[in-house]
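The values are calculated or read from the model by the stated rules, or taken from the named source; none is laboratory data. Keep in mind that what you see is a predicted model, and the values were worked out from it rather than measured. We place every Cβ from the backbone using ideal geometry, glycine too, and count neighbours over all the protein chains shown.
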Amino acid sequence: MLGDTKASNPVKTSRRDLGYVISNQLNGGTTVCGTILVADQVGIPVFATGGIGGVHRGVEKTFDISADLVELGKCGVAVISSGVKSILDIPKTLEYLETQGVFVATFGDNNEFPAFYSRKSGTKSPYFVDSAEKAAQIIKSAMDMSLKSGMLFAVPIPEEHALPYEMMDKVIEQALKSMDPLMEGKQVTPYLLSQVAKLTGGKSLESNIALIKNNAMVAADIAVELAKLRQSGRREVSNMDKSVARRLEGGAVEGQPKGGPVIIGGSNLDCNAMLAAKNIEVSRQLLSKRHQWMPL
């Protein structure tokens, strides 16, 4: 039923829409923003998608910037995608992600940021990561430091399914020109993607399916490696707790010498004294020549 959009009438659901959709018991398809929010709340650290939203071309006129970018700056979730949707302004999107404090890396052997349907965009990522193990280590370190900002690992589309960047750029420009200037909001992205599919004779849709499958495999590999690191970390903490417990019980830890604790530090002690004698005799020999004794 959910696959039948006419019967289910799904709502494109971002952060702003969740309360409305749930309270009215509607069907919703979460955007990357909505998925990040839900994943963060239920403790899912990694998820895959085709491409995230971003800064739209012509943003200086429309101010159309996806909520995906803002949500990435709020929640500590790693998103695995083929970069941003090809209809967007890639350089401006990366600038905005930097402002939001989002870690961005290309998943591969160089830092060429992918252009969704194409492997190269002419824009560079700040970093690149060439294995799932390294990606998991970066995610784990961010989690340990409680950075609470997201991460974007941009995975180039498999070469056999890639489309030439120059060709796709012209197709997108053509789709933009065909768009009604009054069109805005949720209607823009679906319209442009459908136009791109028509103009490429369905090739863009085939590439889209291929890159999503590939992203899911990469995300699964990273999630497995992250789970191993987190499990290993829990064992280390458990062993540390046992070590502390043995010390408190007075037992020595195997492989370590017996002995008491050594405390390095200091303390201050303030003393107050009250004299019992009413009359105090002070020898004039203790007084300097500059001072004279004056009894009370």
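Pairs are defined by a Cβ separation below 6 Å, a sequence spacing of at least 6 or placement on different chains, a first member in the range 171-190 that is touching a residue at least 60 places away in the same chain (Cβ under 8 Å), and a second member that is assigned to a helix (DSSP H, G or I); the pairs so defined are 175/192; 175/195; 175/196. Report whether or not residue 262 is part of a loop (DSSP other than H, G, I, E, B) and either within 44 Å of the chain's Cα centre (by Cα) or at pLDDT below 60 (or both). The answer is yes for residue 262. Pick from the range 80-107 the residues that are part of a loop (DSSP other than H, G, I, E, B) and either among the polar types (S, T, N, Q) or in contact (Cβ under 8 Å) with a residue 40 or more places away in the chain (or both): which of them is farthest from residue 223 (Cα to Cα)? Per the criteria, the residue is 87.
Residues checked against (1) outside any helix (DSSP H, G or I); (2) in contact with a Lys or Arg (Cβ under 7 Å, 6 or more places away or on another chain); (3) surrounded by fewer than 20 Cβ atoms within 10 Å (Cβ to Cβ); (4) not acidic (Asp, Glu):
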{"site": "22", "(1), (2), (3), (4)": "no, no, yes, yes"}
{"site": "25", "(1), (2), (3), (4)": "yes, no, yes, yes"}
{"site": "36", "(1), (2), (3), (4)": "no, no, no, yes"}
{"site": "68", "(1), (2), (3), (4)": "no, no, no, no"}
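For residue 114, state whether it is touching a strand residue (DSSP E or B) at 6+ places or on another chain (Cβ under 6 Å) and without any contact (Cβ under 8 Å) to a residue 40 or more places away in the chain. So residue 114 does not fit the description; no. Restricting attention to the range 162-194 and to residues that are surrounded by fewer than 15 Cβ atoms within 10 Å (Cβ to Cβ) and of a type in the set (Gly, Ala, Ser), the residue that is farthest from residue 12 (Cα to Cα) turns out to be 178. Condition check: within 30 Å of residue 81 (Cα to Cα), part of a helix (DSSP H, G or I), at pLDDT 75 or above and within 30 Å of the chain's Cα centre (by Cα). Does residue 197 satisfy that? When the stated conditions are applied, residue 197 does not pass them. Residues of the range 109-130 that are assigned to a loop (DSSP other than H, G, I, E, B) and closer than 24 Å to residue 203 by Cα: 113, 114, 116, 117, 119, 120, 121, 122, 123.
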